[in-house]
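The block underneath contains the structure these notes are about, expressed in structure tokens.
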Number of protein chains: 2
Amino acid sequence: MSHVTSVIDGLKKLYVEKLKPLESTYRFQDFVSSLLTESEFDAKPMIMLLGQYSTGKTTFIKHLLKGNYPGAHIGPEPTTDRFVVVMGGTDSRSVPGNTIAVQADMPFSGLTKFGTAFLSKFECSQMPHPLLEHITIVDTPGVLSGEKQRTQRSYDFTGVTAWFAAKCDLILLLFDPHKLDISDEFKRVIGSLRGHDDKIRIVLNKADQVDTQQLMRVYGALMWSLGKVLNTPEVMRVYIGSFNDKPINERAVGPIGKELFEMEQEDLLSDLKDIPRKACDRRINEFVKRARAAKIHAHIIGHLRKEMPSMMGKTKAQQRLIDNLAEEFAKIQREHHLAAGDFPNVDHFREVLTGYSFDKFERLKPKMIQAVDDMLGYDIPNLLKRFRNPYD
Amino acid sequence: MSHVTSVIDGLKKLYVEKLKPLESTYRFQDFVSSLLTESEFDAKPMIMLLGQYSTGKTTFIKHLLKGNYPGAHIGPEPTTDRFVVVMGGTDSRSVPGNTIAVQADMPFSGLTKFGTAFLSKFECSQMPHPLLEHITIVDTPGVLSGEKQRTQRSYDFTGVTAWFAAKCDLILLLFDPHKLDISDEFKRVIGSLRGHDDKIRIVLNKADQVDTQQLMRVYGALMWSLGKVLNTPEVMRVYIGSFNDKPINERAVGPIGKELFEMEQEDLLSDLKDIPRKACDRRINEFVKRARAAKIHAHIIGHLRKEMPSMMGKTKAQQRLIDNLAEEFAKIQREHHLAAGDFPNVDHFREVLTGYSFDKFERLKPKMIQAVDDMLGYDIPNLLKRFRNPYD
Ligand SMILES: Nc1ncnc2c1ncn2[C@@H]1O[C@H](COP(=O)(O)OP(=O)(O)OP(=O)(O)O)[C@@H](O)[C@H]1O
Ligand SMILES: Nc1ncnc2c1ncn2[C@@H]1O[C@H](COP(=O)(O)OP(=O)(O)OP(=O)(O)O)[C@@H](O)[C@H]1O
Ligand SMILES: [Mg+2]
Ligand SMILES: [Mg+2]
């Protein structure tokens with residue numbers, strides 16, 4: 001660990017030496033999350049915009065960049081029809097999804113699991129831009145409202161939003177005063193962000209389209225229903241304003257409205273500028289969470305292997321284990337003093353398990369577990385001592 | 001019914017002739033709601049104010065009346081220590097709770113069931129006032145916040161709020177920007193308003209005590225938690241303003257804030273002025289609901305009587321009926337084609353039942369039921385045809 005040049009560099013090395021071997025031995029990638037690639041460690045912090053169509057997601061990005069990204073479409077009807085990753089590059093160009101997914105230097109190979117139907121609705125837009133040297137922005141297709149959502153998506157939309165939510169540093173949910181309703185698809189999308197509540201921020205956009213009294217009604221109604229849908233006691237931060245390149249419509253909102261919106265816009269921008277500084281801490285945090293999950297996963301797989309008979313009755317034994325999976329989890333938890341809350345979802349685990357023969361699983365290798373424990377107990381704390389956060 | 005002079009007068013006569021006999025025969029008053037007195041029919045529409053201490057309930061009333069009611073106390077610490085009914089009268093005076101509860105011309109005899117501990121915290125404040133000729137206002141002691149609520153109330157606070165909620169036409173829940181938290185006592189109070197959601201309005205008072213950006217945070221947080229506590233999909237109307245006799249603090253909120261608050265205050269005042277007009281409709285509605293409940297109640301009591309053996313094994317039979325009460329309800333419901341949702345709460349009914357010998361109950365008297373059916377089917381519709389709403 002002596003020729004390490006930064007915290008991220010250190011994590012990358014620790015991953016390859018100590019965590020990845022455990023993950024691949026117990027097929028962590030099939031059950032929980034694909035193996036990390038170098039490019040994922042090097043990826044810039046990412047923010048994702050989500051919201052009903054026409055709430056101004058693409059316009060918001062245009063406003064941030066003070067110009068359009070290559071391939072941007074803005075319009076009153078549903079326009080953005082794909083996930084677009086907007087990132088820095090030496091020249092302006094659009095790269096199609098199928099190409100990005102196979103590029104080893106891009107952190108998007110994990111998206112191949114959503115199939116070509118998705119990849120053809122996925123694009124990378126590159127351009128030279130000072131802001132994009134520090135963050136990557138993900139534009140998304142508008143979430144469909146009540147009437148429109150009957151049109152079926154050809155791919156697992158909420159699977160994709162969940163994937164990006166895990167990789168992102170910040171998720172902006174956009175609303176506008178005329179598009180407040182949280183449709184079923186929107187509820188599913190919000191559900192797909194579970195576990196990443198701390199990344200979510202709400203934007204009540206186009207706030208200057210209504211007068212102050214209406215705005216208060218609209219804002220109140222939004223909070224009323226969001227409180228129920230997000231179901232966290234902590235109130236989410238909401239930014240009220242109008243995020244486009246036009247001046248604020250002072251006629252509707254008056255000078256105070258203008259001043260309020262400008263303060264809110266500044267707050268949001270400074271929050272966005274804060275992301276790179278916080279991103280390093282967040283990565284360490286997610287890395288540690290991942291290591292814990294991988295350990296538990298190894299214990300589960302090792303346990304299932306151990307419970308298999310050496311000769312006869314394998315099919316029966318395997319079926320019994322699958323049927324009693326919740327109890328087996330409880331056993332493992334007690335035996336190794338693990339936190340019950342860290343265990344994976346039983347039903348999902350059972351579903352993936354059905355594709356395997358348990359007697360082909362690896363037995364638990366205490367040395368591998370020990371390596372990860374050492375990493376968590378010594379290497380990472382030492383790494384943090386050596387490198388202070390580069391953005392501090 | 002020919003010498004009837006108004007809808008309310010008509011209902012009063014119908015009650016005495018057709019509904020009250022059914023209610024008292026089957027002891028409706030012991031199980032559901034005390035018999036109605038003349039004074040309850042004549043009572044003015046009532047609004048109740050509820051909220052944490054110092055949110056400005058008493059000040060709000062002072063603002064409405066443009067002066068204090070006799071015995072009003074205003075101050076930054078918990079001040080109002082009792083329920084005060086503020087009503088019109090020929091001269092200004094305070095009447096203690098024990099006295100009002102026994103006055104036949106006052107609609108408060110039902111409150112005696114909360115005992116003298118309550119009655120000594122109950123008061124009637126009378127004064128000549130044009131507004132009080134049309135409405136009665138109920139001031140309440142502040143709901144206690146987290147730390148303070150350990151002090152026990154000496155009476156059933158939420159029982160009393162529930163009682164008033166049923167009699168009121170409008171319930172104002174007051175909050176102020178520094179007192180947003182919904183304590184456990186407040187949650188129970190809100191719970192006690194169940195079934196009267198349509199009467200609830202929210203007031204975010206003292207809105208000029210914080211600047212606009214803070215106000216938005218505060219208001220958002222309030223809606224976020226209220227949405228969860230009230231648990232209705234419809235957003236409650238919130239009035240944002242400062243309801244006292246001082247001019248709005250323009251320094252904090254600016255001219256737009258001032259304008260907004262003034263509009264909100266006007267909206268609320270005109271909502272309050274609308275109450276007498278709507279109160280008549282509401283009374284008819286509640287009267288009809290009551291008649292339906294009394295019919296169901298009569299069916300239940302009559303059924304329990306019918307199921308009792310004439311000679312031996314009475315105690316056993318009664319116990320069996322009590323144990324299977326839910327099934328007995330289901331039988332009655334099917335037999336008489338009644339709505340399941342209109343049946344009383346089984347557990348509460350069972351509790352009251354334990355004090356009775358079922359063989360002392362009256363048998364079902366079809367003629368009495370018929371009288372109420374006639375009242376619902378003919379008399380009330382005719383009454384409505386004859387008298388248009390006097391406030392229309
Ligand atoms: N702050 C704003 N104030 C007023 N109008 C706006 C604002 N932001 C965007 N608009 C307008 O709203 C419409 C939709 O904008 P845009 O295409 O950016 O939305 P979107 O959320 O990206 O929609 P989609 O989900 O369909 O891609 C456009 O006509 C745009 O000009
Ligand atoms: N709109 C307002 N703006 C600023 N201060 C206010 C406002 N309304 C009331 N106050 C102040 O708040 C304090 C509490 O007011 P008040 O006694 O009316 O509250 P309350 O809700 O009746 O309290 P309690 O529950 O203890 O009876 C007083 O000091 C009063 O002057
Ligand atoms: Mg778009
Ligand atoms: Mg008071």
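The values are calculated or read from the model by the stated rules, or taken from the named source; none is laboratory data. Because the structure is predicted, anything quoted here is derived from the model rather than measured. Here the Cβ is made from the backbone with ideal geometry for all residues, glycine too, and neighbour counts use every protein chain on show.
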Considering only the stretch B:161-176, I want to know if a residue exists there that is outside any loop (DSSP other than H, G, I, E, B), in contact with a helix residue (DSSP H, G or I) (Cβ under 6 Å, 6 or more places away or on another chain) and of a type in the set (G, A, S).
yes
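Yes or no, residue by residue, for (1) in contact with a helix residue (DSSP H, G or I) (Cβ under 7 Å, 6 or more places away or on another chain); (2) within 30 Å of B:F41 (Cβ to Cβ):
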| position | (1), (2) |
| --- | --- |
| B:Q265 | no, no |
| B:I275 | no, yes |
| B:D281 | no, yes |
| B:N285 | no, yes |
| B:R305 | yes, no |
| B:R334 | no, no |
Being among the basic types (K, R) and either under 25 Å from the mean Cα position of the chain (by Cα) or under 30 Å from B:F349 (Cα atoms) (or both) is the filter here; which residues of the stretch B:244-301 pass it?
B:K273, B:R277, B:K278, B:R282, B:R283, B:K289, B:R290, B:R292, B:K295
Identity of the residue in the stretch B:37-69, touching a strand residue (DSSP E or B) at 6+ places or on another chain (Cβ under 8 Å) and away from ligand 4 (no atom under 16 Å from the Cβ), that ends up farthest from the other protein chains (Cβ to nearest Cβ)
B:A43
Selection within the stretch B:199-216 - without any contact (Cβ under 8 Å) to a residue 12 or more places away in the chain and more than 8 Å from chain A (Cβ to nearest Cβ)
none
Based on this model, can you work out whether B:H3 counts as within 16 Å of ligand 2 (Cβ to nearest atom), over 19 Å from the mean Cα position of the chain (by Cα) and assigned to a loop (DSSP other than H, G, I, E, B)?
no
Of a type in the set (S, T, Y), within 23 Å of the chain's Cα centre (by Cα) and at pLDDT below 90: does that describe A:T37?
yes
Does B:L268 satisfy being in contact (Cβ under 8 Å) with a residue 60 or more places away in the chain and part of a helix (DSSP H, G or I)?
yes
Where the second residue is surrounded by 12 or more Cβ atoms within 10 Å (Cβ to Cβ) and part of a loop (DSSP other than H, G, I, E, B) and the first is more than 8 Å from chain B (Cβ to nearest Cβ) and in contact (Cβ under 8 Å) with a residue 12 or more places away in the chain and lies in the stretch A:225-236, which pairs have Cβ atoms under 7 Å and are six or more apart or on separate chains?
A:V229/A:I182; A:L230/A:M236
Based on what the data block shows, is A:N244 in a helix (DSSP H, G or I) and over 30 Å from A:F358 (Cα atoms)?
no
Anything in the stretch B:238-272 that is away from chain A (no Cβ under 14 Å) and modelled with pLDDT under 85? List them, or say none.
B:D245, B:K246, B:P247
Which numbered condition in (1) touching a Gly at 6+ places or on another chain (Cβ under 6 Å); (2) farther than 25 Å from B:I240 by Cβ; (3) within 12 Å of ligand 2 (Cβ to nearest atom) is the only one that B:D81 fails?
(1)
Out of all the residues in the stretch B:94-102, is one or more within 16 Å of ligand 4 (Cβ to nearest atom), over 22 Å from the mean Cα position of the chain (by Cα), without any contact (Cβ under 8 Å) to a residue 60 or more places away in the chain and more than 22 Å from B:L272 (Cα to Cα)?
yes
Within the stretch B:187-204, is even one residue at pLDDT below 90 and in contact with a strand residue (DSSP E or B) (Cβ under 7 Å, 6 or more places away or on another chain)?
yes
Restrict the check to the stretch B:336-350 and report whether at least one residue is in contact (Cβ under 8 Å) with a residue 60 or more places away in the chain and surrounded by 11 or more Cβ atoms within 10 Å (Cβ to Cβ).
yes
Mind checking which pairs have a first residue in the stretch A:70-87 that is within 14 Å of chain B (Cβ to nearest Cβ) and within 16 Å of ligand 4 (Cβ to nearest atom) and a second that is part of a strand (DSSP E or B) and at pLDDT 90 or above, Cβ under 9 Å, 6 or more apart or different chains?
none
Identify all residues within the stretch B:290-312 that are surrounded by fewer than 20 Cβ atoms within 10 Å (Cβ to Cβ), modelled with pLDDT of 90 or more and farther than 18 Å from B:V352 by Cβ; write none if there are none.
B:R292, B:K306, B:P309
Tell me which of these A:L22 doesn't satisfy, since it passes every other one: (1) hydrophobic (A, V, I, L, M, F, W, C); (2) at pLDDT below 95; (3) more than 16 Å from ligand 1 (Cβ to nearest atom).
(2)
Would you confirm whether or not the stretch B:374-387 contains a residue that is surrounded by fewer than 16 Cβ atoms within 10 Å (Cβ to Cβ) and among the polar types (S, T, N, Q)?
yes
Positions within the stretch B:245-271 being buried (at least 19 other Cβ atoms within 10 Å of the Cβ) and closer than 17 Å to B:L65 by Cβ, in sequence order
B:L268
Can you name every residue in the stretch A:274-285 that is part of a helix (DSSP H, G or I) and either among the small types (G, A, S) or without any contact (Cβ under 8 Å) to a residue 24 or more places away in the chain (or both)?
A:A279, A:N285
With the stretch A:294-392 as the region, which helices (runs of 4 or more DSSP H) entirely inside it contain at least 1 residues that are over 30 Å from A:E17 (Cβ atoms)?
A:314-323, A:325-336, A:346-353
Any idea which of A:G56, A:G10 is over 27 Å from A:R201 (Cα atoms) and buried (at least 19 other Cβ atoms within 10 Å of the Cβ)?
A:G10
